[in-house]
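Shown next, in structure tokens, is the structure this report addresses.
The values are calculated or read from the model by the stated rules, or taken from the named source; none is laboratory data. All of these numbers come straight from a predicted model, not from anything done at the bench. Don't worry about glycine lacking a Cβ; one is built from the backbone with ideal geometry, like all the others, and counts go over all protein chains shown.
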Amino acid sequence: MTRFLIPLIAVVLFFLEPVFSLFSPIELGGMRYTLVPRFLIVYFVFLASYYGRRNTIIYGLVFGLLYDMYHIDIIGIYTFLYPLICFLAAFIIRHVHRSIFSVMGLSLVMIIFLEVMSYLFASLIALTSIGFDAFLTTRLVPTVIANSVFILLFGWLFHNWLYKRVIEKQIGM
């Protein structure tokens, strides 16, 4: 059952991201802020932390390719970044205490890494013309705040569910 439930949740989160991006950009005080939902990356960080590096990297590769084909005209950036983030999350979590708070913090760090790398790539090939300061204030900070809310709401659920699956896997249920 877990074998099907893990990719099913990933697919649901993959299709929920564009739904929540409909609420963006928002305008406050004359400024437009862009909120980018990164639910799938949060889920992958939890998977890499509790379930396993190899499978999570494969999921990252598949969903990165899907993300490139579905959302972006250039195939390759998310196909590279999603598995890299899964690998980095699994590597980092091995060297720190695997508590829910460290995984939540790691999720935020990986979101920041993804956003900065995608911005740098877009700047490199001239897909964006905004400066780094504008990117920081109008996209990165609102994205981190919005995804922090998601992590606070669903992090505990991901933690409990995945931790239970790991225990079941270890005792052979």
Given the conditions (1) more than 22 Å from residue 109 (Cα to Cα); (2) part of a helix (DSSP H, G or I), every one holds for residue 27 apart from (2)
Of (1) farther than 17 Å from residue 14 by Cα; (2) at pLDDT below 90; (3) surrounded by 12 or more Cβ atoms within 10 Å (Cβ to Cβ), residue 124 satisfies every one except (3)
Just one listed residue, out of 38, 53, 94, is crowded, with 20+ Cβ neighbours inside 10 Å, among the basic types (Lys, Arg) and in contact with a helix residue (DSSP H, G or I) (Cβ under 9 Å, 6 or more places away or on another chain), and it is 38
Scanning the range 77-112 for residues that are within 14 Å of residue 50 (Cβ to Cβ) and among the β-branched types (Val, Ile, Thr), the one modelled with the highest pLDDT turns out to be 92
In the range 138-147, anything crowded, with 16+ Cβ neighbours inside 10 Å and not basic (Lys, Arg) is listed as 138, 140, 142, 143, 144, 146, 147
For the range 110-132, pairs from a residue that is over 17 Å from residue 145 (Cβ atoms) to a residue that is at pLDDT 90 or above and in a loop (DSSP other than H, G, I, E, B), with Cβ under 6 Å and 6 or more apart or across chains, are none
Flagged pairs (Cβ under 6 angstrom, 6 or more apart or on separate chains; first in the range 57-70, more than 16 Å from residue 6 (Cβ to Cβ); second of a type outside the set (Val, Ile, Thr)) are 64/78; 64/82; 67/78; 68/78
